[in-house]
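So the structure is just underneath, and the comments pick up after that.
The values are calculated or read from the model by the stated rules, or taken from the named source; none is laboratory data. Because the structure is predicted, anything quoted here is derived from the model rather than measured. Cβ coordinates were reconstructed from backbone atoms using ideal geometry, including for glycine residues, and neighbour counts include every protein chain displayed.
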Amino acid sequence: MATMKAPFNFVPLSDEVYFPDWAEQISHDIPFEDGESGEIELKITAHSPIFVRNGHTKEDAEDKNETYKSFSKIDNNYFIPATSIKGAIRNVLEIMSFGKMSQINNHRYGLRDLQLKEDYLIFFQQSKVHCGWMTKNENEIIIADHGIPRRIAHTELDTLWNMEFSKEFKDDQLLKIEKNRTALYKIEKTENKPKLLSYKELKMNPGNTVDTRIMVCPDKNSNLQGVIVLTGQPSARKDRIMSGDKKTVIKKASGKGFEFVFPIEKVKEYHLNGEEDNGIYQDFCFIYKDSTDWQYWRKKLEKGERIPVFFSVDDNNDICHFGLSYLYKLPYRHRVKDCLPEQHKKSDYDLSECIFGSVGHENNKLKGRVQFSHAFMQSDTNKILQEEKKPYMASPKSSYYPIYLQQKGSNGYMDGSFATMMSDTAKLKGWKRYPIRKELSNFPIPEEGQEKNTSPFYPIDKGAEFCCKVRFHNLKKIEIGALLNAILFNGKNEKGYHSIGFAKAYGYGQVKIEGIQIKIEGTSVIDCLDSINSYISAFTECMKKWMPDYLKSKELKEVMLMSVPHETIIPLKYMELKEFVDCKRQKRNQRTKKLEQAGEYLEYYSNLIKTSPPTVSPQELEAEITFVGKGLFQARLIENKDNRTYELCKESNQRVNLKVGDKIEVKIIKKGGNIEKLKFIKKLS
C-alpha cells in the first residue's frame, strides 16, 4: 500500500466549465425581470476550536505579542471576518457549479531534483553553466559573465585556510540542521579568510571523458586569478571506497566535496529588466523567496554590492535563467495557469463570478451582487481558550509534483515517470480542501533552529456561535439556489461542515452553518427547509440540464465526502522530510528500463476512505411512476440508465392521485448499500 499522505486533498478539476447564458446581461442599474433581492441570516457553530488571526502590524508579528496571538476582534468583540466566510462559501460554490479555477497565482516554480534525469539533470549535463556577478542599478539587473566556473577541493581549502573545512562537511549530524546546509553557514565560518586566489588548472582525467569539470589548486606563481565562491551543502560528503589493492572502486564518492572559483576576467555583460512582470529576474526572486541564502544576498544586492550567480544562455546567447548554485533551481517550462484545462483560461464569467464578481482584467471587471457581514460571537467570552498554541506550520510546497499534479498510476503507485510542469500535458490536481476530521491532531515539534518560526495563537473553543448576514441584490433563483447549495452542502444541512481560519490541517476551524432564514424583499421570512430547497432545486435542475450526470459527478462526490469525517487508510498528516524524498524516488532497471521502484502520488480522498463510503445522493431525485394498483406503487429513477423499478412508499397523509407516467420527486431508502425502495416527496407539475 502506498504511504503518500497529507492533511489535505483535492477535488479534481473538470475539463468542462459551466458558463451561465445570462452572464452578459448582468447590470446593477437594470435588474432582471425575475431578479430577487434580500437577506440571508446565518448561524455559524464551531465544531472544533477555531482561530482567525487579529489584525496586526509587522512589528506585532515579529514580536509575536498579544495582539498578534489574539482572535480577530473589534473593541473586544470577537468575530470571523466577512472575507473568511465569503471565501469558504465561494470555494464550495465554485466546485459545485463547475466553475473556473481563476483565483490562483500564475507563478513559475523551480525544480531541483537530482532524481529526475529527463526533467532536471539532463539539462546540466548537456549545457554549460556560466558563472558571474550580479548587480542592481535602480530597476536594471546587470549580470557580468565570467565564463565557466572552476572547482577547488575542500581538502585544498583545508590547507589554504588552515582549518578542517573538509572534515566539517562530512558530518551527517551537523548537516541535519537546516541552517548548516546553507551557503551562509560557510560564508560566516570563513568570513576572515582570503577569497582572492591565484591558481593553476589541473589536467583532466583522460579516462573519464564525461567529467568536463575544470579543477584548480592554489599556485602563488600563476597568472590565473579568481574569487572563491561558497555554495550550500545539501548532504554530507562521502569519499569513495577503494579495494585493498587500491585498483577497484568499491563505492563511488557522493556529496559535495568542491567549491567554486570564478575567473577574474569578465567575458560579457547582460542587462535585464528587474521590474518586468513574469520576467527572468521576477521568476528568480519567486523561486528563491524562501531561501536563507537569497535573503542574505538580496540585502547586499540592494546596497549596490555584487553577488555571485550561476546562469545558462539560450541559442541566441541570451540568459534564459539563473540561480545561486551550480545545480540551481531550474524554472519550470510552464507556469501554474498553463496547467489548467483550456476552458478554465476563458475570460467568460462562470456562475461564481456572476454572483461574487470578478476583478479580471481592466476591461472585464464585474461587481459582485452579494455582500457578507462579519460574524460576531454571541456573548460567550468563556469560549476563549487560555492555553497558547504554538504550532510549527510546515507544509509541502505547491511545486511538489507527486501531490499537486495529476499523476498516472494505480493505488498510489506510479505507472511511469512523474508528470512535472516541464511537461506539456501537466494538469493541476484540483481544488485544495481540508477533509473534516473527528479529532484534532497534535502540532509537530519544530526541528532545531526553527523554534522562532512557530505561529502562536489563542483559539476560541468548539461550541462557540457566530451570526452574520448575507445581503444579495438582483439574483436569479438559480443563483440564490447556488448560494444556498454551497452553504448547506447540496441541501444536506445535517451533514456538511465548512473549514475556516488557521490550522485547518490539524482539525481547527471546522464549522457548521445552520439556522438559516431568508427574507426576500416584498415577501415574508422563509425558514422552511422545503422553501429553501425550492431554490436549491432550481440550481440543481440547471446543472443537470447542462450535465445530466451532475449528481453522480466525481467532483461533487469528492467535495461531499470531504465535508464529513471518515476513517482513512492513511493518517491525515504531513509527511516527514525523509518521506517526501522517499515517496518520489524511482528506480529503473538499467537493461529493461522497467520501473523497479515506482514512486508514489497522493490519491484522491474517496480512495483513502477505510470503509466503503455511503453513496452521496441528492436531497431529492426525479422518478417516474411505472405501476399503480390497489395501493401499491412502483417507480423508476429517471437518472438510472436501466429500467429497474422500486417500491414507492407514501405517508398516509400524502393524499395525491398518481398514475403511470407521472413525474415525482423521491428519496432513496437503502439497505446494505443497495437501493431497497423509494420514498415519495411530491408530484412534479
Please work out which residue is farthest from residue 32 (Cα to Cα), limiting yourself to the range 331-360 and to residues that are at pLDDT 95 or above and among the aliphatic types (A, V, I, L, M). 336
Please enumerate the residues belonging to the range 341-359 that are in contact (Cβ under 8 Å) with a residue 60 or more places away in the chain, surrounded by fewer than 19 Cβ atoms within 10 Å (Cβ to Cβ) and in a loop (DSSP other than H, G, I, E, B). 341, 346, 348
Which residue, of 346, 289, is among the basic types (Lys, Arg) and either closer than 30 Å to residue 485 by Cβ or not assigned by TED's automatic domain parsing to the domain that holds residue 224 (or both)? 346
Where residues in the range 14-46 are under 27 Å from residue 468 (Cα atoms) and among the hydrophobic types (A, V, I, L, M, F, W, C), which of them is surrounded by the most Cβ atoms within 10 Å (Cβ to Cβ)? 46
Does the range 466-513 hold any residues that are over 25 Å from residue 545 (Cα atoms), modelled with pLDDT of 95 or more, β-branched (Val, Ile, Thr) and outside any loop (DSSP other than H, G, I, E, B), and which are they? 470, 511
Residue among 275, 265 that alone is modelled with pLDDT under 95, surrounded by fewer than 17 Cβ atoms within 10 Å (Cβ to Cβ), farther than 23 Å from residue 186 by Cβ and of a type in the set (Asp, Glu): 275
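Being of a type outside the set (A, V, I, L, M), closer than 30 Å to residue 330 by Cα, out of contact with any Asp or Glu (no Cβ under 7 Å at 6 or more places or on another chain) and surrounded by 16 or more Cβ atoms within 10 Å (Cβ to Cβ) is the requirement here; does residue 71 meet it?
No; evaluated as a whole, the condition is false for this residue.
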Of the residues 276, 302, which is free of Cβ contacts under 8 Å to residues at least 12 places away in the same chain, assigned by TED's automatic domain parsing to the domain that holds residue 177, under 16 Å from residue 140 (Cβ atoms) and not small (Gly, Ala, Ser)? 276
Which listed residue, of 98, 123, 32, is aromatic (Phe, Trp, Tyr), closer than 23 Å to residue 433 by Cα and either out of contact with any helix residue (DSSP H, G or I) (no Cβ under 9 Å at 6 or more places or on another chain) or in a loop (DSSP other than H, G, I, E, B) (or both): 98
Take the range 263-307 and flag every residue that is assigned to a helix (DSSP H, G or I) and polar (S, T, N, Q). 282, 292, 295
Could you grab me the full set of residues in the range 267-298 that are of a type in the set (D, E, K, R) and closer than 22 Å to residue 233 by Cα? 289, 290, 293, 298
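Pick out the one residue from 153, 144 that is surrounded by fewer than 19 Cβ atoms within 10 Å (Cβ to Cβ), small (Gly, Ala, Ser), in contact with a Lys or Arg (Cβ under 9 Å, 6 or more places away or on another chain) and modelled with pLDDT of 95 or more.
144
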Scan the range 578-610 residue by residue and report those that are closer than 30 Å to residue 175 by Cβ, in a loop (DSSP other than H, G, I, E, B) and not polar (S, T, N, Q). 584, 585, 598, 599, 601, 602
Test set (1) under 17 Å from residue 213 (Cα atoms); (2) assigned to a helix (DSSP H, G or I); (3) modelled with pLDDT under 95 - residue 128 fails condition number: (2)
Any chance you could count how many residues in the range 74-88 are buried (at least 23 other Cβ atoms within 10 Å of the Cβ) and closer than 30 Å to residue 345 by Cβ? 1
Evaluation of residue 379 against (1) of a type in the set (Gly, Ala, Ser); (2) closer than 27 Å to residue 398 by Cα; (3) free of Cβ contacts under 8 Å to residues at least 60 places away in the same chain (one fails), failing number: (2)
Would you pick out the residues in the range 176-188 that are among the aliphatic types (A, V, I, L, M) and modelled with pLDDT under 90? 177
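So that you can scan it fast, the table gives a plain yes or no per residue for (1) without any contact (Cβ under 8 Å) to a residue 60 or more places away in the chain; (2) among the acidic types (Asp, Glu); (3) within 18 Å of residue 403 (Cβ to Cβ):
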{"site": "552", "(1), (2), (3)": "no, no, no"}
{"site": "558", "(1), (2), (3)": "no, yes, yes"}
{"site": "569", "(1), (2), (3)": "no, no, yes"}
{"site": "578", "(1), (2), (3)": "yes, no, yes"}
{"site": "581", "(1), (2), (3)": "yes, no, yes"}
{"site": "594", "(1), (2), (3)": "yes, no, no"}
Filtered residue count, the range 22-68, keeping only those that are among the β-branched types (Val, Ile, Thr) and farther than 21 Å from residue 86 by Cα: 3
